[in-house]
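What follows is a set of notes on a single structure, which appears directly below.
Derivation of every value follows stated rules applied to the coordinates shown; laboratory data play no part. Fair warning: this is a prediction, and the values are worked out from it, not measured in the lab. Neighbour counts are summed over all protein chains in view; Cβ atoms, including those assigned to glycine, are modelled from backbone coordinates with ideal geometry.
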Protein chains: 2
Amino acid sequence: MSDLTIWTYDWVPPGPRGFVRDLRLRWACEEAGIPYAVRTVPFDGREFNHLADQPFGQVPFLKEDGVEIFESGAGLLHLARKSEVLMPGDAAGAAETEQWLIAALNSIEMVTVPWWFLRMSGDADNGLTGWMAGRLDHMERVLGGQDWLAAGRFTVADLLMADVLRVPEVRAFGDRPATEAYIARITGRPAFIKAEVDQIAGFEAADQARA
Amino acid sequence: MSDLTIWTYDWVPPGPRGFVRDLRLRWACEEAGIPYAVRTVPFDGREFNHLADQPFGQVPFLKEDGVEIFESGAGLLHLARKSEVLMPGDAAGAAETEQWLIAALNSIEMVTVPWWFLRMSGDADNGLTGWMAGRLDHMERVLGGQDWLAAGRFTVADLLMADVLRVPEVRAFGDRPATEAYIARITGRPAFIKAEVDQIAGFEAADQARA
């Protein structure tokens, strides 16, 4: 019996609910049928109150049988090795899954998150806009030709890429029908819906405790 | 006998020489004593001339025995599994190495590259500056307390983190002595120097062909 725990904040404001990155790990566990518990660190003082667990003051991190892992991408790789639902067992399929997981983090999110950050800071037409359009256009071409990113089937790479792309401001940027259909299809999976509902319910319950 | 090939551009302007990301893969091979060949795709028309190999028109990608991998981070994970010089063989050491490799890509480079891009576009004091300072300050604290990121020894996580941090404009941003000492130490390794010299020599040779 494993003792997998996923750690998130004890509360966040309404804005990020449904988007805090512990959702990625919950979703992966739900897809694979891996039992897990959710535990929390305080949102107040987050920049410094759990640096021993997460050196940038962020969430999530996970703990299991004495191993502790921060970075949602690394947590997903850890979970993916537990279940072929998330990543094929053969070397070629695993390599393809890993490359697209890393593409989500380093070719797409590396542009979309800073773009989003500048936009939320009031700089909607910022210097990253052209770069982001180029990257999203490349993804639109890829997704126009295939249903899944890796190995011809759902993998953790789709989970992560869809989570990166589903940010409302990114989703509303331009008109990319293949990308939109992909996001709708991947986030329509029961495991995503369960993870999202659970995360939001947890933060709503914390509203009561803070009231 | 493997037939590992690392693919880069046939030429780049002087500015990025020594920083094109095939250097990461050369460096890892040099550390681990893995034989490799370098092959090229044309720099001219790069946005569209090799999309079947790299869907964002970038380099590097690697090929080996019929497996093809883009994203330098994914290529590093592939190489790291070939040699304990790059990543420990035990599960805990491997997990720690992976998490810091992904931290380099998604917690540091996700901020430093867009910041650098805006700065190079003429916006030196841009909206990402505060976020970058915070991330680099967290790294300075980490590197002030330990010589290596994972498993108490050199791993591919140090290779990647040092490569992310050594960008001159990032390195010159603020005064972080532990980070500076770390970059100097990791990029002082013979394998880095060999990879850097080889990359620059390749692009210089291409100058002749274009002249």
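By count of other Cβ within 10 Å, fewest leading, how are A:Asp207, A:Asp10, B:Asp175 ordered?
B:Asp175, A:Asp207, A:Asp10
Relative contact order for the range B:91-189: what is it in percent, counting Cα pairs under 8 Å that are at least 6 residues apart?
34
Given the convex hull of the Cα atoms of the range B:91-189, what is a quarter of its surface area in nm²?
Values: hull surface 23.5 nm².
Hull-based average projected area comes out at 5.9 nm².
Using alpha carbon centroids, what distance separates the range B:1-75 and the range A:3-33, in Å?
Here the answer is 35 Å between Cα centres.
Please identify, among B:Gly145, B:Gly75, B:Gly66, the residue showing maximal mean-square fluctuation in a Gaussian network model of chain B using a 10 angstrom Cα cutoff.
Taking springs between Cα atoms under 10 Å, the residue moving most is B:Gly66.
Only counting other Cβ atoms within 10 Å, I'd like B:Leu62, A:Leu79 sorted with the fewest neighbours first.
B:Leu62, A:Leu79
Run lengths n ≥ 4 of DSSP H only: what is the helix-derived mean residue ellipticity at 222 nm for chain A, with -39500 (n - 2.57) per run over all residues, to the nearest 500?
-16000 deg cm²/dmol
Determine, for the protein assembly as shown, the count of lysine pairs separated by eight or more sequence positions (or lying on different chains) whose alpha-carbon distance falls under 29 Å.
9
Tell me, how many Å apart are the Cα centres for the range B:186-211 and for the range A:80-153?
Their Cα centres are 30 Å away from one another.
Considering only DSSP beta bridges whose two residues both sit in chain B, what percent are antiparallel, to the nearest 5?
Bridges in chain B are about 60 percent antiparallel.
Whose amide H sits under 5 Å from the amide H of B:Thr8, counting only residues 5 or more places off or on another chain, with H placed in the peptide plane?
B:Arg39, B:Thr40, B:Val41
Where nothing but the Cβ of Lys and Arg (+1) and of Asp and Glu (-1) is charged, how large is the charge dipole of the protein assembly as shown around its Cα centre, in debye to the nearest 20?
Value, rounded to 20: 120 debye.
Name all residues of the range A:142-166 having a backbone nitrogen under 20 Å from the label point set 7 Å from the Cα of A:Ser2 along its Cα→Cβ direction, giving them as ranges.
So the set is A:154-161.
Please order B:Arg135, B:Arg81 by the number of other Cβ within 10 Å, starting at the fewest.
B:Arg81, B:Arg135
Given the peptides A:180-193, A:86-99, arrange them by the average over their residues of other C-beta atoms within 10 Å, most packed first.
Top to bottom by mean Cβ count within 10 Å: A:86-99, A:180-193.
Find the relative contact order for chain A and round it to a whole percent, using C-alpha pairs within less than 8 Å whose residues are 6+ positions apart.
24
Would you work out the charge dipole size for the range A:91-188 about its Cα centre, treating the Cβ of every Lys and Arg as +1 and the Cβ of every Asp and Glu as -1, and quote it to the nearest 20 debye?
Dipole about the Cα centre, nearest 20: 100 debye.
Provide the percentage of antiparallel DSSP beta bridges, counting only those with both residues in the protein assembly as shown; round to the nearest 5.
Working: 16 of 26 bridges.
If I count the DSSP bridges inside the protein assembly as shown, around 60 percent turn out antiparallel.
If contacts are Cα pairs under 8 angstrom and at least 6 residues apart, what is the relative contact order of the range A:132-183 in percent?
On the way: 29 pairs, mean separation 22.2, N = 52.
In percent, rounded to a whole number, it is 43.
Of the candidates B:Trp27, B:Trp115, B:Trp131, which one comes out as most mobile in a Gaussian network treatment of chain B with C-alpha springs shorter than 10 Å?
B:Trp131
Local charge sum around B:Ala74 (other residues, Cβ-Cβ under 10 Å, Lys/Arg +1, Asp/Glu -1)?
Taking every other residue near B:Ala74 into account, the sum is -3.
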